Every structure is written in C-alpha cells, then in structure tokens.
1. Is it true that some residue in region 175-189 is open to solvent by less than 50 Å² (accessible area, probe 1.4 Å), modelled with pLDDT under 95 and farther than 30 Å from residue 142 by Cβ?
2. Within region 337-364, restricting attention to residues that are outside any strand (DSSP E or B) and either small (Gly, Ala, Ser) or under 17 Å from residue 254 (Cα atoms) (or both), which residue is most open to solvent (accessible area, probe 1.4 Å)?
3. If you check residue 255 against the conditions, is it open to solvent by 30 Å² or more (accessible area, probe 1.4 Å) and touching a residue at least 60 places away in the same chain (Cβ under 8 Å)?
4. Give all pairs with beta carbons closer than 9 Å in which a residue from region 113-129 that is touching a residue at least 12 places away in the same chain (Cβ under 8 Å) and open to solvent by less than 60 Å² (accessible area, probe 1.4 Å) meets a residue that is among the hydrophobic types (A, V, I, L, M, F, W, C) and part of a loop (DSSP other than H, G, I, E, B); count only pairs at least 6 apart in sequence or on separate chains.
5. Of everything in region 220-269 that's modelled with pLDDT under 90 and among the acidic types (Asp, Glu), which residue is nearest to residue 379 (Cα to Cα)?
6. Of all residues in region 268-281, which are of a type outside the set (S, T, N, Q) and open to solvent by less than 50 Å² (accessible area, probe 1.4 Å)?
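The values are calculated or read from the model by the stated rules, or taken from the named source; none is laboratory data. Just so it is clear, the model here is predicted, and its values are computed rather than measured. All Cβ positions, glycine included, derive from the backbone under ideal geometry; neighbour counts span all protein chains shown. In case anyone asks, the SASA skips ligands and DNA or RNA and just uses the protein heavy atoms, side chains included. Shrake-Rupley method; radii C 1.70, N 1.55, O 1.52, S 1.80 Å.
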Amino acid sequence: MSSKTLTLVAFAVAASAISASTAISFYIWGKFKRLEKSLNSTLQKCAAERQGRVRAQQALRKALAQPKSENLELTSYPMTPIGVVQSCFSTRNGTPRQPLLVPLARACLVFDASRVPPASLEGLGEYSHCWILYVFHLNTDLEKLWKEPSKSKFKAKVRVPRLKGERIGVFATRSPHRPCPIGLTVAKVEAVQGNTVLLSGVDLVDGTPVLDVKPYLPYCDSIQGAEVPEWVMVENKLTIASVSFAEGFFSTLDDCWGTAGKKSLYASIDELQSLIKQVLSWDIRSVSQRNRPHDSLVMIGNDKAFGNPSDIDENQDEETSVCRSDQGPTPSEDVIYHLILEGLDLSYRIDGNGNVIVEKVSISSEFPNGKQNRCNYSMWRDHLT
C-alpha cells in the first residue's frame with residue numbers, strides 16, 4: 001500500500017473519531033441541559049411549596065392572634081405537656097416556695113418519647129442548670145379558668161408569706177394562682193439518660209406536667225444590679241432556728257426505709273435525713289398556720305391536712321383560711337404538722353423558739369404503688385457518687 005493511501009486511511013479514521021466524539025459531546029451536553037432544566041424546575045417547585053407553607057403558617061399565627069369577633073377573647077394556643085416530673089415532694093405542702101432553696105431536692109423529668117425523641121436532649125447535659133416551664137396542675141381553682149371572665153372570680157391580689165399575709169398584685173408575686181397557671185423554675189442538671197433528666201434543687205411537686213425546657217445561660221440570664229422590693233430580701237422571716245429528731249425516730253425510719261428505699265432517689269437513710277433537715281429548715285407552714293398556730297387543722301385520711309396551705313392563703317378569705325378543731329385552742333408547740341417526702345409521712349412540731357422536732361415517720365398513702373415505673377437511685381448511682 002502506498003504512503004498516499006495510508007495517509008488517506010488515517011485521515012478517514014481520524015475524521016470518524018472526531019465525528020463520533022462530537023456526537024457524544026452533543027449527546028452529553030443535551031443530557032446535561034435536560035437535567036439542569038429538570039433540577040431548576042424541582043428547585044422552583046420546592047421554593048413555591050416552602051413559600052406556601054410559610055404563608056400558611058403566617059396566616060395561622062395571624063388567625064390565632066386575632067380576637068374572636070363575638071367575645072373579643074384570644075384564641076387558645078395548642079400546647080400539650082411534653083413530660084412529667086417524678087419528685088421527692090409527694091404533695092404541695094412542703095414543696096419549696098422557690099427553686100434551689102433545698103439543694104438535695106431531687107426529681108426526674110421523664111419526657112414523653114412519642115413527642116420528644118431522645119435526640120432532643122443531646123447536649124443538655126453539658127449545661128449546669130436549665131429553665132423549666134410547667135403547669136400548676138394541682139391548683140384547686142383551675143375550673144374557674146374555663147368560665148367567662150365575669151364569672152371566673154379571678155383575684156388580682158394574693159397573700160404573700162413574707163408579708164405575713166398582706167395582699168399584693170399577683171404579677172408582683174410567684175403565686176401559683178394566675179390567669180394562666182404556668183410556672184417557671186430553674187434546676188440543676190445532674191445527668192441526662194435516654195428520655196430522662198435527673199434534676200436537683202427543684203421546687204416541683206410529683207406529677208407536675210412540663211411544657212418546655214431551656215438551658216440556663218449565665219451571660220444573659222443572670223442580671224447584674226437587678227432590683228427587688230425590700231420585703232423579698234428579708235430571708236429570716238421564713239427560716240427555722242434548728243431541726244432535730246426525737247428519740248426513737250431513726251429506728252422507725254429504718255423500718256420504713258426497707259420499703260421506701262427501693263423507690264427512692266436517695267442512697268441511704270443519712271442522705272434522706274439531710275434532705276429532711278434542708279426542707280424543714282424553712283418554715284413551710286401557711287401564713288394562717290404561722291399567724292394562728294393554735295387553730296389546729298382537722299386531719300383526715302392518713303393524717304393528711306384538709307386542703308393545701310398555699311391554696312388557703314391565696315384563694316380564700318382570712319376568716320375561712322383554716323379548718324378549726326372543735327376541741328378549742330391548742331398551744332403552738334403541741335400542734336402536729338405533716339410533711340410527705342419520698343412517700344414518707346413525717347410528723348413534726350415547732351416549739352415557741354422556732355425549733356423543729358421531727359417525731360414520727362410512717363409510709364404515706366401517697367407512696368407510689370408497685371405498678372408505677374419510678375426512677376430510683378440505682379439508675380443514677382454513677383452520676384451521684
């Protein structure tokens with residue numbers, strides 16, 4: 001074959017290769033353009049859907065915020081508790097009036113797994129404290145909130161323990177009796193495990209429904225130079241001189257601990273004793289009980305006081321604030337008070353010098369039954385030692 005022929009063959013092969021390459025390039029380019037067009041179309045649809053959702057949410061918020069034309073009342077917002085508190089305080093009586101006053105006061109906040117996945121709690125354990133929004137679910141006047149404003153008999157002023165029962169505007173207090181019975185507290189985060197948070201320093205009663213939890217941020221939550229009224233600063237009005245235990249108390253406590261200890265958040269009797277001292281180092285009595293200790297409360301059931309001191313002080317008139325015994329006045333040092341703590345019923349007296357003497361202990365009717373799934377010390381042993 002001559003060199004000329006070879007040249008022509010090579011040229012033909014090269015031309016064919018170039019033609020094929022060009023065809024492939026055009027095919028790929030066309031494919032790319034179609035994909036680009038499809039992607040742009042998808043992005044536009046997603047943007048339109050997102051804008052639609054935003055507009056719908058804005059419309060919903062506007063509708064919720066707008067008053068009803070017939071009665072000018074705001075529409076309710078949909079809120080459901082996301083968790084419940086398992087607390088060492090079995091009843092309202094004895095639960096601290098403010099957070100962190102009783103450092104040993106422990107509680108487990110158990111979240112509803114169907115509403116709050118465990119992943120929601122990731123990172124919370126890195127904070128030392130958290131805010132908790134909750135519902136005052138044990139208020140005895142909750143049914144009034146569903147009535148018409150003119151029939152609700154909402155009281156604008158409440159009695160304040162530090163002012164010896166003097167009334168003051170509800171929004172100048174932390175009274176549980178509010179137009180919206182929502183509470184705000186702060187607690188120490190001891191540990192996070194699964195869908196449960198171990199807290200300490202709590203002022204929450206057992207069974208409290210929780211609406212939200214937020215981390216405590218010192219740089220913005222701690223306000224330097226914040227001012228409060230003078231009556232708030234008077235600490236000694238609610239303090240106790242001393243707390244002691246009657247002879248024979250600990251032998252009875254030891255018997256009760258065999259049952260209570262299995263479901264307790266405390267490691268030992270000694271730790272429980274420290275909790276009792278911390279709780280009773282504050283005067284947990286109601287204003288009426290302090291002002292008129294001789295008017296002993298009528299006891300019903302398992303030695304439980306009828307009603308609740310906080311409800312009595314803030315929701316009733318002075319003349320009906322206590323249930324009087326038919327046996328007449330009783331010396332203040334002979335009045336027996338009760339504190340339900342960790343399912344134990346503690347009986348104590350306060351003498352004329354402000355000294356507390358804890359006399360008896362028994363298993364309370366408030367003690368959780370075997371069917372209730374309760375947090376206990378064994379769950380948190382590694383975090384509390």
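1. no
2. Among those residues, the one meeting the criterion is 352.
3. Criteria not met by residue 255.
4. 116/82; 129/100
5. 235
6. 269, 271, 272, 275, 276, 279, 280
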